[in-house]
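The structure under discussion appears below in the form of structure tokens.
The values are calculated or read from the model by the stated rules, or taken from the named source; none is laboratory data. Quick caveat, the model's predicted, so the values are computed rather than measured. Note that we place each Cβ from the backbone using ideal geometry, even for glycine, and neighbour counts take in every protein chain shown. These area figures cover heavy atoms from the full protein model, side chains too; ligands, DNA and RNA do not enter into them. Shrake-Rupley method; radii C 1.70, N 1.55, O 1.52, S 1.80 Å.
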Amino acid sequence: MIIGITGTLGAGKGTIVEHLLKKNFKHFSVREFLVDEILKRELESNRENMVLVANDLRAKFGPSYIVEELYTKAKNTKGDCVIESLRCPGEVEALKEKEDFVLFAVDADVETRYSRIFERASETDRISFDEFVVQEQKEMISSDPNKQNLSKCIEMADHCFKNDWTVAELHKKVEKVLETKSFGTIEDSGQKKSEHVRPSWDEYFMKMASLVAERSACIRHNIGAVVVKGKRVLTTGYNSAAKGMPHCTDVGCLRDELGISSGERHEICRAIHAEQNAIIQAGVHGVNIDGGVMYCTHTPCMICAKMIVNAGIKEVISYHNYADSAARNFLREAGIILRKINRPSGEIKFKD
């Protein structure tokens, strides 16, 4: 068995690897491969150079070059292996074609992850929180298969673990998967798993929010919101310019021009946020959303948080943290339930 590990920085990839090593897995690391290459090129060992060198190797030799090298070494060991730090969709696609391969992903709240890398203080981790967020945004989404796209890799995982709690809790989640051996192919009974699995209510509504986000006209973030009550969709919203005004996709981003970081100076942005549009839609059409639940791709900013409180929303469910921790604290103080779930698969499954 060969297990690949993907996930965000500081989420717990190394923690899963350590657990697997105790089970006699052999370890192969994309990070170590890149560090060796950086040293050969006589560059400074930091996170930025790691990304640049990785992208350069993939552009020259193909998106799966690094992991193909590691996979060959892993197969030659003739035992269980783990390949850590998969970051490129091309890498994942290549490995998924191999036999006995399964992909694990791990993620955690951004503040939690930053506190972890701050504590470990390796050479590549010595950055501020703002630098951490900006660098991660560059790594999360790219249309180029040769470049890093953590968001897509996590979406492609066979099993995704949320690691906002303790190491023991993460070990328990990993162990449960290993014990059942349910790697998305064949069950122990020899029977094929059911082709159709109904999504949970959370997955169902969050997929809707993600679809709504595709209508976003924001250059920085595609954000969607859906307000639900009694398991019925009441309103939707995505971030875009005010009615009749030109969109940022047409005239550019003023915040980018002024160098304003995410989570700051919201009043400068020409866009109305997804959460605001969902609440405004309710007011325009006379829809009572008091006591409703908001599914939103990102956690709200402070302005949206205040509107959510006064609109009577009782719970906010998201899969990604927006860079405004004060807003999350404000919502908790107001008694609003904040819940994080895994990002749903982008695939839509149904029988014709």
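Laid out as a table, the results:
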| read-out | value |
| --- | --- |
| Subset of the stretch 46-74 [surrounded by fewer than 20 Cβ atoms within 10 Å (Cβ to Cβ) and assigned to a loop (DSSP other than H, G, I, E, B)] | Asn46, Gly62 |
| Only one of Thr166, Thr185 that is over 19 Å from Leu52 (Cβ atoms) and modelled with pLDDT under 75 | Thr185 |
| Options Arg332, Arg328; residue that is assigned to a helix (DSSP H, G or I) and open to solvent by less than 20 Å² (accessible area, probe 1.4 Å) | Arg328 |
| Residues located in the stretch 305-341, provided they are in contact with a strand residue (DSSP E or B) (Cβ under 8 Å, 6 or more places away or on another chain) and among the hydroxyl-bearing types (Ser, Thr, Tyr) | Ser318, Tyr319, Tyr322 |
| Unmet criterion (only one of (1) modelled with pLDDT of 75 or more; (2) hydroxyl-bearing (Ser, Thr, Tyr); (3) open to solvent by 40 Å² or more (accessible area, probe 1.4 Å)) for Thr180 | (1) |
| Inter-residue pairs, beta-carbon under 9 Å, first over 10 Å from Gly4 (Cβ atoms) and assigned to a loop (DSSP other than H, G, I, E, B) and in the stretch 75-97, second open to solvent by 10 Å² or more (accessible area, probe 1.4 Å) and hydroxyl-bearing (Ser, Thr, Tyr), 6+ apart | Cys88/Ser64; Cys88/Ser142 |
| Which numbered condition Lys306 misses (of (1) over 15 Å from Val228 (Cα atoms); (2) under 21 Å from the mean Cα position of the chain (by Cα)) | (2) |
| Filtered residue count, the stretch 96-132, keeping only those that are open to solvent by 20 Å² or more (accessible area, probe 1.4 Å) and either among the polar types (S, T, N, Q) or modelled with pLDDT under 85 (or both) | 21 |
| Residue within the stretch 13-23 that is among the small types (Gly, Ala, Ser) and in a helix (DSSP H, G or I) present | yes |
